[in-house]
Every structure is written in structure tokens, then in C-alpha cells.
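Taking it in order: structure first as C-alpha cells, then the write-up.
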Amino acid sequence: MDLRGRRVLVMGLGLQGSGMAAARYAAQQGAVVRVTDMKAPEILAPSVRALAGLPIEFVLGEHRNEDFLWAEIVIRNPGIPLTSPYLRLAREHGASIEMEIALFFLACPGRIIGITGTRGKTTTASLIYKILQEGGASTVLGGNVAGVETLSLLPQITDETLAVLELSSWQLEGLAPHALSPAVAVMTNVYPDHLNTYTSMEDYAEAKANIFRHQHAGDLAIFNYDNLWTRRFGEEAPGRVWFTSIERGGSFKRGSTTISPFIFHETALVGKHNLENVLLATTTARLLGFSDEIIAAAVRGFHGVAHRLEEIAVINGVRYINDSASTTPVAGRVGVEAFEGPIILVAGGNTKHLPLEDWPATIVRRCRAVVLLAGTGTEELLPAVHEEVVKQGVSNPVHGIFDNFTRALDTAVSLTRPGDVLLFSPGFTSFGMFLNEFDRGDQFVAYVRGLKGER
């Protein structure tokens, strides 16, 4: 896509890379660039500084109709819904609506490996990337990865490069107008999420399905057979399809009953869900031609991703686990199920209007004590926990609701004993008390390091 001389409006600068990358790329391509974001200038100051020296105009703290009337192309941040009235105004006046990831696909000369799913996409993408690195391949990691400007990776990509991209449902929406899907698609699972943005579960799942919808017959797609949504999608995909299944003990080609056994059990990752991620990543690597020896070495050396069941420290016999990326009840449940020892759980936050399902029952059954952070999600969780306490005939594990993070953690620490796991797995979004889930996790890590005297 030729941007030279075009009036480009970047909607959503953000703090994690996507908006910055789009603004930088458009300016470097010779576009006339303007950036608009509702966040206050002081919050966005780091992103503005990162773009210093480029001919970019910033309109921060507001969106103005005049900017959307001015634009020929609007590049929207993944978190901004297509239903935005500002985008509608721009479309009605002839502007095209694009996303950073579509610009990357259109310009990328390498082979793209895309990974999506409600849970596990970051871990799976990161492990695939590590295996490719260990195997000596030319590779990059981008997409929905915090702090990575995906468009800025283009200068280092050749036709020999394997570009590993974690792709969110919102990013995948940006591929649909161009009928684009990656040459290799990996789908971890689909669970209820973002139902405050999508009209239904089917709407959300269909956004995810863009990862394979526009593949060609020779393209490759790998699906988790143990999840009903991804199993269904695997039957619909037009390319060469493989399924992975922890329940069946390995991977198999669509239409075949022959199982290739899962042999890469030597991993530092905890929880059944992480075995699913490892199986998906290693199956993908095998299908790309990497040897079992290289794959096994990479799996052994992979210690996970920040904010995802990340062990921060062991202090006085207590393991401190950062699972701040847990933003849904399913993630909250999976986090609790990953540990056998007594658990002191710190959870809570703001709701995305998702079903709690069996998370409250799992909390009451497996957690000795629970400390909750104030928020609209916590208001949904608390009565469900109380109901489970009555059902299971046990004492109430909840030791308070806190609107101060430090006081909440102080209380949690006071409840620990040697051999416990102090698990920070919120199960809800972070907005309100924190900038985002990464800020939330960083604050937890800083607190734990303070306990160790590392501040």
C-alpha cells in the first residue's frame, strides 16, 4: 500500500507498540501523519518521546471530528471497535480504515506463522519463535506482543524469514477486508472473552476464524482438538489441517486415526493448559521440518512468558507467582488449577461480562485464603464464592476487598505459611486501579522484589 503524500490518521497511540509502529511507519513512508488518542498527554508521554524527530502531529486527550474528516486513511488501534462513530464518520467521507497488522501482511516478504486463541497464544507464539531460533532459522516475533513495533520489523525480513505473529481477534479483523490469512495458522482455543465488545460468542469466535478463512489449499493450519470451537474450525479450514490433543496423547492429520505421540514432556511450564501450548508449538515446528532434538532442547530451555504463571521468587518457603495476564474467569480457573500446594489467591478487578462458570467453585475448593481487589468483576465474583462456600460446607476463604494494591498484598503475605503458593491471578481486567495488565503485573513484581530487599 502506497502511503506517500496520503493524509494518515492513527487512531489510538497507546503504550504497547501498535499505535507507535503505525505512526512511525506511515511517517517513514512519506505520509502526512496525525495521531489522535483519548488518553491524557502525560500518560502518553513515553510514546510521544519514542516518536521524537518524526513529522507527526499529535492530538491527545480527545478525538475531533475534523481529524476524521481530514483523513484519507485511518489506522485504528486494535482496541478500537469498528462501530466507533468516529470511524463511521471517516468512512462516510471516503476514508479507508486500516490496521497496523494488515499493513505488515501486505508488505512482508517472508512466510507468516500466525497464532491466535483466547488463552495460550503468547506462550505458544513465544515457544515457536524459540524453537525456530534454536534451529538456526531467520525469524522475528511480533503482532500482539507487548512493546514490539511489528511494522518496524520489516527491514530485517527477507523471503527466507519466518515471521511469528501473535494475533488478537481485533487484529484479525483487520485482515478480513484484504482477504488475508497467514500461511501457517495455529489456533489454541476459544473461550468467552471480550463480550463487552462483541455482540455474541459467535461474533467473537468468527473474528478469530479469520486466521484461517483466507488460507489456500497448500497452507497449513494446526488446531487444538480438545477445545470444541477450534475442533469445529479445524473441520472448516481450507488448507492442510493437523489437530493436537493432550486427551489423545499427540497430534494427527485431519481425517487420519494415526497419532504422532507427544514426547516433549520435559518443560518448566506448569499446568495442563501449558502442555496444550507445548503440543501445539512442537507440532507446528515438526511440520515446518525442525528435528525432535532441536525442539526438545528449546522446550527444556523455555521458561515461559512474563505475567503468565511467572514465578518471581521463593521467600520464606512461599512461591510468589505473577499471573497478571489472567483477565478472564477461565484464565483465573486455569491459574488456580496449575498448582497442587496450598494457595493464597489475590484476584479481582473489573468485569468484561463473562460467565464465571466453575471458577468460584475451584477457588473455594483449592484456595486456603483469598484476597480480592475492588472492581465491578469482584462484585460479581463475591456472591458466587459465598454460594460455593455454602454448597461445599467449608469456611469462607475471603479475607477482604481492597482498593489499595499494597494493602491487599500485605494482607495476602500475612496469611502465607512455608509451602504455600501466593498466586496473583486476577481473572478480570485491570482498568481502574492500573494502566493495563502489564502495569498491574509490574507492580506485583516490584512488590515481591521489595520483600526480597531488591528495590
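So here's what we get for this one:
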| item | result |
| --- | --- |
| The chain: projected area of the alpha-carbon convex hull, averaged over directions, in nm² | 22.2 |
| By average C-beta atoms within 10 angstrom, highest first, the peptides 179-187, 61-69 | 179-187, 61-69 |
| Diffusion constant of segment 1-118 at 4 °C, which comes from Stokes-Einstein with the Kirkwood Cα-pair radius and 1.567 mPa s, µm²/s | 89 |
| Inter-centroid distance (Cα atoms) of segment 203-249 relative to segment 333-348, Å | 30 |
| Euclidean distance between Cα centres, segment 263-287 to segment 381-397, Å | 35 |
| Convex hull volume per residue for segment 410-450, taking Cα atoms only, in Å³ | 87 |
| Residue pairs, from the table K39/K352; K130/K208; K121/K272; K130/K352; K121/K253; K121/K452, whose Cα atoms sit over 26 Å apart | K130/K352; K121/K452 |
| Projected area averaged over orientations for segment 149-203, convex hull of C-alpha atoms, nm² | 5.2 |
| Intensity falloff of segment 254-387 expressed as log10 I(q)/I(0), Debye formula with alpha-carbon point scatterers, at q = 0.17, 0.18 Å⁻¹ | -0.96, -1.02 |
| Computed E for T376/R91 - FRET, C-beta separation, R0 30 angstrom, nearest 0.05 | 0.40 |
| Convex hull (Cα only) mean projected area of segment 384-455, reported in nm² to one decimal | 6.1 |
| Ranked by how many other beta carbons lie within 10 Å on average, peptides 295-305, 426-436 from highest | 426-436, 295-305 |
| Compactness relative to 2.2 N^0.38 Å, alpha carbon Rg of segment 177-330 | 1.14 |
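A short reminder: the numbers here are calculations on the coordinates, not readings from a lab. Keep in mind that this is a model prediction, so the values were computed, not measured. Because the Cβ atoms are built from the backbone with ideal geometry, glycine has one as well, and the counts that use them run over all protein chains shown.
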